[in-house]
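Here is the structure we will look at.
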Amino acid sequence: MIAEARSYGLNITVECYPYTATQTVIESAIYNEGWQEILGIDFGDLQWAATGERLTAESFARYRKTGGMVIGHSIPEEIVKSTIADSIVLIASDGTLTDGKGHPRGTGTFSRLLGKYVREEKILSLTEGLRKITLMPAQRLEGIAPVMKNKGRISVGADADITIFDPERILDQATYEEPAKYSIGINYVLVNGVIVVKDSQVLDNIFPGKAVRGTVR
């Protein structure tokens with residue numbers, strides 16, 4: 001459907017994250033009556049983000065009243081692979097952690113792409129994997145935020161936002177039970193030319209980043 005819209009000149013793109021589970025608030029409409037049939041999953045496929053527990057009918061009803069984040073194990077691996085491989089799909093993390101709890105995509109998305117789907121699964125080449133997490137997102141946002149023309153690429157005059165990693169080692173470590181675990185294989189990270197990760201260790205109290213702002217017309 002997206003490809004057809006693009007064939008008519010509509011400026012539409014799509015993004016995904018490289019995981020087989022979703023995360024949203026349990027009180028959202030997606031979990032209204034009939035969700036099992038619509039999503040093809042049941043209570044045991046839902047995981048409470050704050051504790052890691054799998055839900056039952058009783059705990060589902062209880063958490064629906066209190067509200068909070070729930071992880072839904074509902075996406076087939078083959079769908080993840082085919083979506084990642086599509087040339088128009090960008091890779092996004094789209095995740096937050098609260099007190100170290102949440103979805104592992106908030107910590108491990110890009111390392112997972114490069115480690116699991118580029119190196120191990122060979123769904124993408126390294127160059128294409130890097131393009132999907134750097135240049136493509138930057139180019140997508142250039143129209144509303146001109147500063148993005150200086151992001152997502154290494155060139156004279158571009159912002160020095162650089163990750164130095166080992167392509168033979170990089171891999172996510174974050175899990176649904178421990179979503180805040182750092183990835184391995186990342187040696188250095190520079191933000192705006194300032195080192196924020198050195199020898200695979202995050203440096204404390206260094207915040208060189210600047211807000212990216214744009215205008216929506």
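Values quoted throughout were computed directly from the atomic coordinates according to the rules given, and no laboratory measurement underlies them. Predicted, not measured: the structure shown is a model, and the values here were computed from it. Glycine also receives a Cβ, built like all others from the backbone with ideal geometry; neighbour counts cover every protein chain displayed.
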(request) Quick one: which residues, 5+ away or cross-chain, put their amide H under 5 Å from the amide H of Gln173? H built at 1.01 Å from N. (result) Ser183, Ile184
(message) In whole Hz and in residue order, list the ³J(HN,Hα) couplings for region 148-161 that follow from phi through the Karplus curve 6.51 cos²θ - 1.76 cosθ + 1.60, θ = phi - 60°; x for Gly and Pro.
(response) 5, 5, 9, 10, x, 8, 10, 7, 4, x, 6, 5, 7, 9
(message) Could you work out [θ]222 nm for the chain from helices alone, using -39500 (n - 2.57) per DSSP H run of at least four and dividing by all its residues? Round to the nearest 500 deg cm²/dmol.
(response) -6500 deg cm²/dmol
(request) Apply the Karplus parameterisation 6.51 cos²θ - 1.76 cosθ + 1.60, with θ equal to phi minus 60°, to every residue of region 8-23 and state each ³J(HN,Hα) to the nearest whole Hz, in sequence, with x for glycine and proline. (result) 8, x, 6, 8, 10, 10, 9, 10, 8, 10, x, 9, 9, 9, 9, 8
(request) If a/c stays under 1.5 just call it rounded; otherwise compare a/b with b/c (prolate if a/b is bigger, oblate if not). Do that for region 100-142, with a ≥ b ≥ c from the square roots of the Cα gyration tensor eigenvalues. (result) oblate
(message) Apply the Karplus curve 6.51 cos²θ - 1.76 cosθ + 1.60, θ = phi - 60°, to the phi angles in region 72-88 and return the couplings in whole Hz, x for Gly and Pro.
(response) x, 7, 9, 10, x, 4, 5, 5, 4, 4, 5, 6, 4, 6, 5, 5, 9
(message) For a quick check: with amide H placed at 1.01 Å from N, whose amide H comes under 5 Å from Ala92's, ignoring anything fewer than 5 positions away on the same chain?
(response) Cys16, Tyr17
(request) Between the alpha-carbon centers of region 4-42 and region 147-217, tell me the distance in whole angstrom. (result) 28
(request) When a/c is below 1.5 the answer is rounded, else prolate if a/b is larger than b/c, else oblate, so apply that to region 79-152 with a ≥ b ≥ c taken from the square roots of the Cα gyration tensor eigenvalues. (result) oblate
(message) Rounded, prolate or oblate, given the Cα gyration tensor of region 59-217, with a/c below 1.5 counting as rounded?
(response) rounded
(request) Using +1 at the Cβ of each Lys and Arg and -1 at the Cβ of each Asp and Glu in the chain, identify which of Gly72, Phe110, Ile41 lies farthest towards the dipole's positive end. (result) Phe110
(request) Please go through region 1-107 and write out the trypsin sites (Lys or Arg not before Pro) that DSSP classes as loop and that have at most 14 other C-beta atoms within 10 Å. (result) none
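Which chymotrypsin sites (Phe, Trp or Tyr not before Pro) in region 1-77 sit in a loop by DSSP (not H, G, I, E or B) and have at most 12 other Cβ atoms within 10 Å of their own Cβ? List each step's numbers first, then the result.
Working: sites: Tyr8, Tyr19, Tyr31, Trp35, Phe43, Trp48, Phe60, Tyr63; in loops: Tyr8, Tyr19.
Filter output for region 1-77: Tyr8.
Which of the GluC sites (Glu not before Pro) found in region 57-142 are loop residues per DSSP with 16 or fewer other Cβ atoms within 10 Å of their Cβ?
Values: sites: Glu58, Glu77, Glu78, Glu120, Glu121, Glu128, Glu142; in loops: Glu121, Glu142.
Answer in residue order: Glu121, Glu142.
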